[in-house]
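Everything below concerns the one structure shown next.
The values are calculated or read from the model by the stated rules, or taken from the named source; none is laboratory data. All values derive from a computational prediction rather than experimental measurement. We place every Cβ from the backbone using ideal geometry, glycine too, and count neighbours over all the protein chains shown.
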């Protein structure tokens, strides 16, 4: 099975998030409440899980749908973490210092939504405008990245659980 461009982009996104955490970005406020070692450990563990589970996913889908469901939850959880580090931890913080909180919230919400257009079309953009705004408001209201990460991960896992094995991860 050959990885799709979307899968490659997701892995690159995970690596970018790990790199941003590794730099520590001490000047970026929301990362202050997110322990650097815990964040790097979480990303490394989830990436390892997803890489190893990727090989087993075709078998799991045939033999045990529950394992495929678990794989999809793990995959989307690490992707949610990476997206929050990039969009709210880095982009939002940088833009809010340059252009203000409202402008940063609008720009990162739109960027986050448009990023999902390739894999989910215009319906995905509309959905992610709403979720991106919610995740951004979690950072604005708390002053921390962790609430947005938890909100995003729980939302993604809830989508998978609500739809069962029907959530499609792009693999070809």
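Tabulated data for the structure shown
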{"item": "For residue 150: the one exception among (1) farther than 23 Å from residue 97 by Cα; (2) touching a helix residue (DSSP H, G or I) at 6+ places or on another chain (Cβ under 8 Å)", "result": "(2)"}
{"item": "Residue match in the stretch 135-154 (condition: within 28 Å of residue 69 (Cα to Cα) and not in a helix (DSSP H, G or I))", "result": "yes"}
{"item": "Residue count, the stretch 117-134 (criterion: modelled with pLDDT under 90 and closer than 23 Å to residue 70 by Cα)", "result": "3"}
{"item": "Boolean, residue 143 is under 20 Å from residue 95 (Cα atoms) and within 13 Å of the chain's Cα centre (by Cα)", "result": "no"}
{"item": "Meets criteria (modelled with pLDDT under 90, in contact with a helix residue (DSSP H, G or I) (Cβ under 8 Å, 6 or more places away or on another chain), under 18 Å from residue 161 (Cβ atoms) and crowded, with 18+ Cβ neighbours inside 10 Å) for residue 67", "result": "no"}
{"item": "Residue among 78, 159 that is assigned to a helix (DSSP H, G or I) and closer than 21 Å to residue 16 by Cα", "result": "78"}
